[in-house]
Amino acid sequence: MLNENIRAIRRSRGLSQEELAIRLNVVRQTISKWENGLSVPDADLLIALSEVLETPVSTLLGETVSEPKADDWRAIAEKLEVINLQLARRRAARRSILHWACIALCAGIVAVSAFLLTWGSPYLSWDYADPETAVLGVAVHALEWLFVRLAPVALAGALVGAVLTRRRG
């Protein structure tokens, strides 16, 4: 059925196999194989074929397409409305998750900062003559130093994110 439809629609559009092949960016033999039923186009080529022939894919595949009635349009509109509502809910859920993640990040930064302030960097008084203690002390100091440098930027970003993602209305 597909092969006959491709041949009939191609001929009705006044296209040769070569012209159709050029428009689809395939070789002429590919069109010949489709029309002789030796192979079928993949999904991407089927869509491209429908666009070149200005024919719906369903017509190429053999379905009869009738003009939609007013009730069909109403049903389609209702389905689209349901889909739009689902998308809006997903968007709101993602926004809420992002909002609470930003708030949690702010709380985490504040908690770690408070811990570091009360901790007082005791590793500075460790005996660095022992290699294991020296490596651990340097690692802890590097993490503390990195946190102190990055925390203000991360806190500012998280606060802005929490404000921008809050629920409106």
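Brief remarks on what is shown
- Check on Glu35, surrounded by 11 or more Cβ atoms within 10 Å (Cβ to Cβ), touching a Lys or Arg at 6+ places or on another chain (Cβ under 7 Å), of a type outside the set (Phe, Trp, Tyr) and within 30 Å of Gln17 (Cβ to Cβ): yes
- Val26 meets the conditions (1) within 30 Å of Arg10 (Cβ to Cβ); (2) touching a residue at least 24 places away in the same chain (Cβ under 8 Å) in every case but one. The failed one is (2).
- Of the helices (runs of 4 or more DSSP H) lying entirely inside segment 55-169, those containing at least 3 residues that are surrounded by fewer than 13 Cβ atoms within 10 Å (Cβ to Cβ) and basic (Lys, Arg) are 70-119.
- Checklist (1) at pLDDT 85 or above; (2) at negative phi applied to Leu60, failing item: (1)
The values are calculated or read from the model by the stated rules, or taken from the named source; none is laboratory data. Quantities reported herein were computed from a predicted structural model and do not represent experimental measurements. For neighbour counting, all protein chains shown are included, and Cβ atoms are generated from backbone atoms with ideal geometry for every residue, glycine included.
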